[in-house]
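Novice: One structure, pasted below without further comment.
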Amino acid sequence: MEQYILRETYLNQLIVRMNNGEVKIVTGPRRCGKSWLLNRIFKDYLITTGVPEENIIIVSLDIDDNEENGDLTDSKVLKSYLYSRITSKDSPYYVILDEVQEVDGFEKLVNGLNAKDNIDVYITGSNSHFLSSDIKTIFRGRGDEVRLYPFSFKEFCTNRTEPVNELWKEYYTYGGMPGLLRQRTPEQKVLYLQRLWNKTYLDDVVERHNVKNREALSALVDSLCSSVGSLTNPNRISNVLKSVQKVKIDPQTVSNYMEYLEEAFLFEGAKRYNIKGNKYFESIKKYYSADVGLRNAKLNYRQQDVGHIMENVVYNELRIRGFTVDVGLVEVREKRNGKMEYIQYEVDFIATNGTDKYYVQSAFAMDSEEKRHQELNSLQKIDDNFKKIVIVGNDIAEYTNEKGIRFMGLFQFLLSGF
């Protein structure tokens, strides 16, 4: 069998969902490997478990090699084709529909297939709106989402023999988009990533949402890329675009465009949470890029702050591992300049997965006592018993200090986890 990066995290998510009576929906940004995950990795797994290849029905709806079967983007033609392949009411069949949004009225067809006891349905699509916020409605409460990200650093290192430091430099520069495996030179990699922005992502958002001001959308993307890990909101971004880039765009339009970019899985917004007050700040978030290579390419590699890039990578790694992630605020009353004041301390991430919760600081360097104090102060102000972790950029031996705060190196976290 051909050697490839197995993407075990996502394969295992598909395996545990097999035959669960729900439509498995693989979402994620374009070109992050959704089709490969289902059409190759999952198919190979099914075959190794004894499923006959003829019982695995794969239809890629965004390519033109289906002519002999008619226009499969017509729901009636597709339905006829699929049921002509399903010749038994008892044998299990696995139906994989790639880029299903190409079919008008696909919802009824997919739900009909899923209603059959011997048919297990898997779909991908690039219309992220119906594949995220509207899943429960479209699939009658029987949609089960598997979110796919570009390669993690651990996946990126698969089958590579270079020193980990060299691999990290490549990863934080070009990121983990699978298509980079076919690009040999730095110039090819940069051009590939910039083409993705210009010919795939921006075009897709403009077309899907009928965006009138492409220049403003592109400027907004630049602003989000420049400010990864910084607190912001639509009003602030609108003012920055007007003063710095001379692009006039009102806050409501900024808010709409940011929503479009999140729906396309290009950015994620992490809400700000008051740890002691147990409440969210609804109007302000930190935004992170789905891939740091895409982020760097959009800025034409003008802003290479490794600390901010590392923070983005840590955020993505937490999301890949299934954590919901907020940014934390610890507000305490302290004496400053002879009088009592409310002081706010930042926690980079509050990572929650079921009953597990971690407070995480991403610190590329703690090379001075002042910097160390800055990174630890917020964690020491938290008076609950959840685990507190500092991830540092240099390779260190893991240890826990006298306050119970755990320190680990970046590579240990990315390659092994907590």
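The values are calculated or read from the model by the stated rules, or taken from the named source; none is laboratory data. Please read all numbers here as calculations on a predicted model, not as lab measurements. Every residue, glycine as well, gets a Cβ built from its backbone with ideal geometry; the counts of neighbours run over all protein chains shown.
Novice: Condition first: touching a helix residue (DSSP H, G or I) at 6+ places or on another chain (Cβ under 8 Å) and closer than 23 Å to residue 4 by Cβ. Now tell me which residues in the range 183-217 satisfy that.
Specialist: Passing the criteria: 183, 189, 192, 193, 196.
Novice: Of everything in the range 225-246 that's out of contact with any Ser or Thr (no Cβ under 9 Å at 6 or more places or on another chain) and in contact (Cβ under 8 Å) with a residue 12 or more places away in the chain, which residue is nearest to residue 362 (Cα to Cα)?
Specialist: Here the answer is 230.
Novice: Here are the criteria: (1) closer than 30 Å to residue 238 by Cβ; (2) of a type outside the set (A, V, I, L, M, F, W, C); (3) not assigned by TED's automatic domain parsing to the domain that holds residue 56. Tell me which single one residue 126 does not satisfy.
Specialist: Residue 126 satisfies all of (1) closer than 30 Å to residue 238 by Cβ; (2) of a type outside the set (A, V, I, L, M, F, W, C); (3) not assigned by TED's automatic domain parsing to the domain that holds residue 56 except (3).
Novice: Search the range 197-209 for residues that are in the same structural domain as residue 291 (by TED's automatic domain parsing) and pair each with any residue that is modelled with pLDDT under 90 and not basic (Lys, Arg) when their beta-carbon atoms are under 7 Å apart and the residues are at least 6 apart or on different chains.
Specialist: Qualifying pairs under 7 Å: 204/126; 208/127.
Novice: Anything in the range 46-83 that is within 29 Å of the chain's Cα centre (by Cα), of a type outside the set (Gly, Ala, Ser) and crowded, with 16+ Cβ neighbours inside 10 Å? List them, or say none.
Specialist: 46, 56, 57, 58, 59, 61, 73
Novice: Something else about it: Here are some conditions: (1) within 20 Å of residue 154 (Cα to Cα); (2) touching a residue at least 60 places away in the same chain (Cβ under 8 Å); (3) in a loop (DSSP other than H, G, I, E, B). Residue 382 meets all but one. Which one does it not meet?
Specialist: Among (1) within 20 Å of residue 154 (Cα to Cα); (2) touching a residue at least 60 places away in the same chain (Cβ under 8 Å); (3) in a loop (DSSP other than H, G, I, E, B), the lone unmet condition for residue 382 is (1).
Novice: Tell me which residues, restricted to the range 388-412, are in contact with a helix residue (DSSP H, G or I) (Cβ under 7 Å, 6 or more places away or on another chain), of a type outside the set (Val, Ile, Thr) and not in a loop (DSSP other than H, G, I, E, B).
Specialist: Those that are in contact with a helix residue (DSSP H, G or I) (Cβ under 7 Å, 6 or more places away or on another chain), of a type outside the set (Val, Ile, Thr) and not in a loop (DSSP other than H, G, I, E, B): 388, 410, 411.
Novice: Look through the range 323-361, keep the residues that are modelled with pLDDT under 95 and among the small types (Gly, Ala, Ser), and return whichever of them is nearest to residue 28 (Cα to Cα).
Specialist: Per the criteria, the residue is 354.
Novice: If you don't mind, there's one more thing I want to ask. If you check 15, 41, which single one turns out to be crowded, with 18+ Cβ neighbours inside 10 Å and modelled with pLDDT of 95 or more?
Specialist: 41
Novice: Here's something else I'd like to know. Those residues that are acidic (Asp, Glu) and either surrounded by 12 or more Cβ atoms within 10 Å (Cβ to Cβ) or modelled with pLDDT of 95 or more (or both), I need them from the range 375-394; list them, please. Please lay out each step first, then the result.
Specialist: The first filter runs over the range 375-394 and keeps only residues acidic (Asp, Glu), leaving 375, 383-384.
Of everything in the range 375-394, just one residue is acidic (Asp, Glu) and either surrounded by 12 or more Cβ atoms within 10 Å (Cβ to Cβ) or modelled with pLDDT of 95 or more (or both), namely 375.
Here is a yes/no grid of residues against (1) out of contact with any Lys or Arg (no Cβ under 9 Å at 6 or more places or on another chain); (2) part of a strand (DSSP E or B):
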residue: 94; (1), (2): no, yes
residue: 97; (1), (2): yes, yes
residue: 121; (1), (2): no, yes
residue: 146; (1), (2): no, yes
residue: 150; (1), (2): no, no
residue: 155; (1), (2): no, no
residue: 158; (1), (2): yes, no
residue: 172; (1), (2): yes, no
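Novice: Yes or no: the range 156-174 includes at least one residue that is under 22 Å from the mean Cα position of the chain (by Cα), crowded, with 16+ Cβ neighbours inside 10 Å and within 27 Å of residue 46 (Cα to Cα).
Specialist: Within the range 156-174, the first condition is being under 22 Å from the mean Cα position of the chain (by Cα), and the residues that meet it are 156-158, 167-174.
Keeping just the survivors that are crowded, with 16+ Cβ neighbours inside 10 Å gives 156-157, 167-168, 170-174.
From the residues that got through so far, the ones that are within 27 Å of residue 46 (Cα to Cα) too are 156-157.
So far as the range 156-174 goes, yes, one or more of its residues are under 22 Å from the mean Cα position of the chain (by Cα), crowded, with 16+ Cβ neighbours inside 10 Å and within 27 Å of residue 46 (Cα to Cα).
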